[in-house]
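Just below is one structure, and these are the notes that go with it.
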Amino acid sequence: MNLKEIKEMISLMDEHEISEFQLERDGFKVLLKKGISGNVIVERAPASQPAAAPVAAAVPETVPTAAPVAEEGVIEILSPMVGTFYRSSSPEADPHVQLGDSVTEDSVVCILEAMKVMNEIKSEVKGKITEVLVENGEAVEYGQPLFKVKKD
Amino acid sequence: MKSIEESILRLFLQQPDQPFSGESLAQSLGLSRTAIWNHIKSLRELGYQIEARPHVGYLLAETPDRFIADEIYARLKTEVIGQNVLSFEAVDSTNDVASSMAEEGSREGTLILAETQRKGRGRLGREWISPKQTGLWSSLILRPEVHPSKVASLTLMAALSMMKAIEKTTGLKAEIKWPNDLYLNGKKVCGILSEMRSEPDQIRYIILGLGVNINLEQDELPKEIEASATSLLIETGKYVSRMDLLCHYLEAFEVYYQNFPNDLGLLLEEVKKNCLTLGKQVSVVVGDQTVTGQAVELDETGALVLEKKDGTTEKIYSGDLSVCS
């Protein structure tokens, strides 16, 4: 299963106006669902063997905003860009989210900065923050997991 | 839709020092002389000094030092950039206004201006002082259909465009301090702070916030930044036309933007040529870490490549940079 195939599935879904699509193959279970805003949320859960890490493409391509986690119903929020991770909008401010906080699709969970461009990252899923995977001020890579969210 | 005020200003500005009779204005614009008189009156109320000379006509003697949308349209030679202007007396932050306007669907090229900002800000919530009518406090909304990783190029375009605008307006040659501040004689004169909303594979919109200290007097700079900040007035000793600077900036930006996202290699070369950071020994504070090294290169995304003492290199995407030597 690679990004190209996922992209193809997404275009097929678009073409035929399918809102949900599931496929099981090669130890992977792929569930594609269209989010409220028309985003496609990609969930992957291992069927028989642990899933490989999400693709960290050298050349930026379409990368899912959420990734597979072995635990049932747990989603990882992934970084859409290379940059610096901040949990709050200023050092004095409270973090956007804390461990155990409930979030909705629109909740801002953190800010990523590159070249003085601030990018507010939204949860895109409804649930509870179960893990904060990056330290404040740390550099993050493209596709790197930032938070774990247990879906409601 | 053009306003009558814009059309009248356009005529005046095309032929400066040229008086227009009420009759000729009425004819050019297809209005009655009474209507023209009413619009002249409303322009005067906005601060335009329009003299009425008997037997000669109306003459635009002076424009107010204000960002008035109709005058910007009348002067600006662009297709998209700055062709929708919202100019405020005072706002908390032009970036905040621009963000909510972009969320509501404001079109590409929309420009938010304010004569003063109550809560102007820099990186990480730091204060950006914006005294009334002394600077350019602006936010530009763009909706480029490109991957989020290309976003840094837009901030570099803004920096280069303002660098050109400063040179065209004042003759001064500013330099870029990585990532995208502009410096004159070692002091900051312009700062850029952008905000982006994106999908995983495409930018939804970006707000290019840009502030320039134009006509700030020395004593208007707070003590804390006195040694590190300057203004065009301080550097030239003269009041600088804020309107000219704005129009030159927007026009230069549009030229770059028309080629975006092509020619990014050329853009980067131009940045490197004007970058005061490259070749210097620098230290960058990122979060609670400090990285020190020689600034050797900018990568294709504009990130700074530092060569550290041990010979390894590290890419820097953000942080507070200071030049050691």
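List of remarks:
- D by Stokes-Einstein for the protein assembly as shown, Kirkwood Rh over Cα pairs, 10 °C, 1.306 mPa s: 64 µm²/s.
- Of all the options B:Asp310, B:Asp17, B:Asp201, the one that moves most in a Gaussian network model of chain B with Cα springs shorter than 10 angstrom is B:Asp310.
- Mean separation of Cα pairs under 8 Å and 6 or more residues apart, divided by the residue count, gives region B:281-323 a relative contact order of 39 percent.
- Dividing the mean sequence gap of close Cα pairs (under 8 Å, 6+ apart) by how many residues region B:4-126 holds gives a relative contact order of 22 percent.
- When you restrict to C-alpha pairs under 8 Å that are six or more residues apart and normalise by the size of chain B, the relative contact order lands at 13 percent.
- Using the rule -39500 (n - 2.57) for each DSSP H run of four or more residues, divided by the residues of chain B, the 222 nm mean residue ellipticity is -9500 deg cm²/dmol.
- Relative to the longest principal axis of the Cα atoms of chain B, the long axis of helix B:264-273 makes an angle of roughly 80 degrees.
- Angle between chain B longest axis and helix B:94-103 axis [Cα atoms, degrees, rounded to 10]: 90 degrees
- One chain, two ends: A:Ser102 and A:Ser90. Fully extended at 0.36 nm per residue, the span grows by 2.2 nm beyond their Cα-Cα distance.
- Interface burial for A against B (accessible surface, 1.4 Å probe, total of both chains, Å², rounded to 100): 2400 Å²
- Residue-by-residue Karplus 3J(HN,Hα) for region B:106-115, coefficients 6.51, -1.76, 1.60, Hz, glycine and proline x: 3, 7, 4, x, 5, 10, 9, 10, 9, 6
- Just the protein heavy atoms count here, and of the accessible area of the protein assembly as shown at 1.4 Å, carbon and sulfur take up 48 percent.
- Here the Gaussian network model covers chain B, with springs between Cα atoms less than 10 Å apart; of B:Leu29, B:Leu113, B:Leu278, B:Leu29 fluctuates the most.
- Summarising the label geometry, the points placed 7 Å from Cα in the beta-carbon direction at B:Lys132 and B:Glu51 lie 2.9 nm from one another.
- Delta accessible area of at least 50 Å² on complex formation, residues of region A:76-116, 1.4 Å probe, chain isolated as reference: A:Tyr86, A:Met115, A:Lys116
- Where labels lie 7 Å past Cα in the beta-carbon direction, separation of A:Glu71 and A:Glu120 in nm: 2.7 nm
- GNM result for chain B, Cα springs below 10 Å: residue of B:Leu266, B:Leu13, B:Leu221 fluctuating most strongly: B:Leu266
- With a Förster radius of 56 Å applied to the beta-carbon distance between B:Ser21 and B:Ile225, the computed FRET efficiency rounds to 0.60.
- The separation of region B:84-113 from region B:177-198, counted between C-alpha centres, amounts to 20 Å.
- Extension gain, B:Lys41 to B:Thr236: 0.36 nm times the residue separation minus the Cα-Cα distance gives 66.7 nm.
- Per residue accessible area in Å² of chain B, where ligands, DNA and RNA are left out and the probe is 1.4 Å: 45 Å²
- Simple spin-label estimate for B:Arg66 and B:Asp92 gives 2.6 nm between the two label positions (7 Å along the Cα-to-Cβ direction from each Cα).
The values are calculated or read from the model by the stated rules, or taken from the named source; none is laboratory data. If you're wondering where the values come from, they're calculated on a predicted model, not measured in any experiment. Cβ: placed from backbone, ideal geometry, glycine included. Neighbour counts: every protein chain shown. Note: accessible area is taken over every heavy atom of the protein model, side chains too, but ligands, DNA and RNA are not part of it. Shrake-Rupley method; radii C 1.70, N 1.55, O 1.52, S 1.80 Å.
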